[in-house]
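Working notes for the structure below.
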Amino acid sequence: MPLYFLKPVVWNTKGYKEPSGEKVTSGYPAEHGFGYEEWNASETSTVQVDGRCMRVFHTEGFGNQPLDNYAGDIFVFMISSYRGRQYLVGIAGGATSLHSDEHAERRRAYSESIAGGEARLKQTWRLQKVKDCYCGDEKKFQEHWGKELQWSANWICPPELFHWLDEPMLLNPCEISGKRSLIKMFGSYQAISRTTAAFIAASVRPAKPCSGLSNILARLGSDEGDRATDIAIIERDEELDSTTREALVQARLGQGKFRDDLMRLWGGSCSITGCDVAQVLRASHVKPWRDSKNRERLDPHNGLLLAATVDALFDAYLITFEDTGEMLVSASISDRQRSMLGLPARLRKPPSQELCRYLAEHREIFNRRTS
């Protein structure tokens with residue numbers, strides 16, 4: 001049951017391997033001259049958990065978000081602001097939060113393991129910004145360090161699902177959220193969908209192949225976890241009658257009446273390619289499940305019958321359709337890739353008026369991401 005978040009962290013010019021003393025105007029880094037996230041990319045930020053090496057990292061808290069219910073199923077996209085622009089700096093997948101009181105002992109043990117020595121303390125006190133925050137009182141700083149050190153490791157994740165960018169990647173907030181800026185406060189967060197998370201991760205262009213990023217993209221490419229979450233929500237909804245509940249569960253699985261209706265509307269063949277191999281056909285929602293009302297989730301006009309490859313492209317907003325049925329293709333798909341995939345194509349018949357209304361919303365997100 002994955003969760004996906006954008007989470008602000010402090011700007012750092014030393015590759016997040018030690019604090020760099022950058023100017024910050026609010027939050028913990030402004031009050032103390034540094035942030036514990038400034039070691040997130042350090043090679044020493046690993047611990048042993050039940051005999052397995054795990055990556056540890058830090059962010060500020062998430063308020064009342066029930067993170068403990070999603071242990072090992074959280075994706076954290078760490079972003080930072082610099083001179084009015086926002087950048088992606090790191091991604092952690094399969095993460096477990098240690099923010100709550102229940103994890104205080106583990107958090108303290110992991111933090112002391114990675115930061116209990118003198119090296120990080122000395123690195124931090126060397127910064128003039130830190131000395132200014134403590135008015136040159138090193139003893140006062142050391143007392144604070146000892147008290148707050150436990151928070152330096154308040155997340156763990158598998159190293160194979162951790163990727164820190166060699167260079168921060170400039171983000172286009174409008175592409176991601178349709179707004180002029182993303183969340184900026186260190187104590188806040190911004191929930192995003194799996195498709196948005198996959199879009200951001202796929203935009204990263206590492207200088208050399210990276211297994212961590214590849215693993216993250218592979219995990220984000222499947223909606224299995226999302227389906228499990230959505231089905232659990234449906235089954236807990238006491239306002240649904242048994243018939244509607246079963247129809248919604250089947251629709252979320254791409255089966256049942258929703259799929260049957262799409263098979264009827266499109267003659268049992270892919271809406272684009274004409275492929276009639278039932279095993280590879282997907283009953284795809286045009287307006288995403290998470291954004292739809294129950295009525296829309298069961299509406300066959302909010303769907304296309306798509307072969308698996310085309311469904312993946314459509315789900316990721318790499319293709320969309322005009323009201324005429326003509327396909328629009330993202331500029332991120334190269335000419336070579338278009339040739340391999342047979343793009344652009346078009347819907348086999350003009351979309352209905354009802355389908356056009358849903359396609360308009362899909363196009364809006366597509367246009368944001370390709371503008």
Filtered residue count, segment 51-60, keeping only those that are of a type in the set (S, T, Y) and surrounded by fewer than 22 Cβ atoms within 10 Å (Cβ to Cβ): 0
Among the residues listed as G274, G268, the single one being small (G, A, S), surrounded by fewer than 19 Cβ atoms within 10 Å (Cβ to Cβ) and in contact with an Asp or Glu (Cβ under 6 Å, 6 or more places away or on another chain): G268
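Yes/no matrix, rows are residues, columns are (1) outside the structural domain of R106 (by TED's automatic domain parsing); (2) more than 22 Å from the chain's Cα centre (by Cα); (3) outside any loop (DSSP other than H, G, I, E, B); (4) buried (at least 23 other Cβ atoms within 10 Å of the Cβ):
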| residue | (1), (2), (3), (4) |
| --- | --- |
| V10 | no, no, no, yes |
| G21 | no, yes, no, no |
| T25 | no, yes, no, no |
| F34 | no, yes, no, yes |
Residue pairs meeting the criteria (Cβ under 7 Å; at least 6 apart or on separate chains; first farther than 26 Å from E38 by Cα, in segment 177-205; second assigned to a helix (DSSP H, G or I)): G178/R368; K179/P173; R180/P173; R180/C174; S193/R290; R194/L220; R194/D226; T195/D315
From the options R348, R363, R369, residue that is over 18 Å from L306 (Cβ atoms) and touching a residue at least 24 places away in the same chain (Cβ under 8 Å): R369
Some residue of segment 255-262 being within 30 Å of A71 (Cα to Cα) and modelled with pLDDT under 95: yes
Sole exception among (1) under 18 Å from the mean Cα position of the chain (by Cα); (2) crowded, with 19+ Cβ neighbours inside 10 Å; (3) not in a loop (DSSP other than H, G, I, E, B) for E160, by number: (2)
Some residue of segment 61-72 being without any contact (Cβ under 8 Å) to a residue 40 or more places away in the chain and either surrounded by 22 or more Cβ atoms within 10 Å (Cβ to Cβ) or touching a helix residue (DSSP H, G or I) at 6+ places or on another chain (Cβ under 9 Å) (or both): yes
Answer residue from segment 314-333, given it is polar (S, T, N, Q) and over 21 Å from the mean Cα position of the chain (by Cα) and is surrounded by the most Cβ atoms within 10 Å (Cβ to Cβ) among those: T320
Q353 being at pLDDT below 95 and either among the charged types (D, E, K, R) or more than 28 Å from the chain's Cα centre (by Cα) (or both): no
Matching option when the condition is at pLDDT 90 or above, surrounded by fewer than 21 Cβ atoms within 10 Å (Cβ to Cβ), of a type in the set (K, R) and in contact with a Gly (Cβ under 8 Å, 6 or more places away or on another chain), among R348, R368, R336: R348
Segment 170-200, residues that are part of a loop (DSSP other than H, G, I, E, B) and surrounded by fewer than 18 Cβ atoms within 10 Å (Cβ to Cβ): N172, G178, K179, R180, S181, K184, M185, G187, S188, S193
Per-region count, segment 80-122, residues among the small types (G, A, S), crowded, with 20+ Cβ neighbours inside 10 Å and not in a strand (DSSP E or B): 2
Segment 8-51, residues that are of a type in the set (V, I, T) and in contact with a helix residue (DSSP H, G or I) (Cβ under 9 Å, 6 or more places away or on another chain): V9, V10, V24, T44, T46, V47, V49
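The values are calculated or read from the model by the stated rules, or taken from the named source; none is laboratory data. The structure displayed is predicted, hence computed values, not measured ones. When we count neighbours, we look across all protein chains shown, and the Cβ atoms used for this are built from the backbone with ideal geometry, even at glycine.
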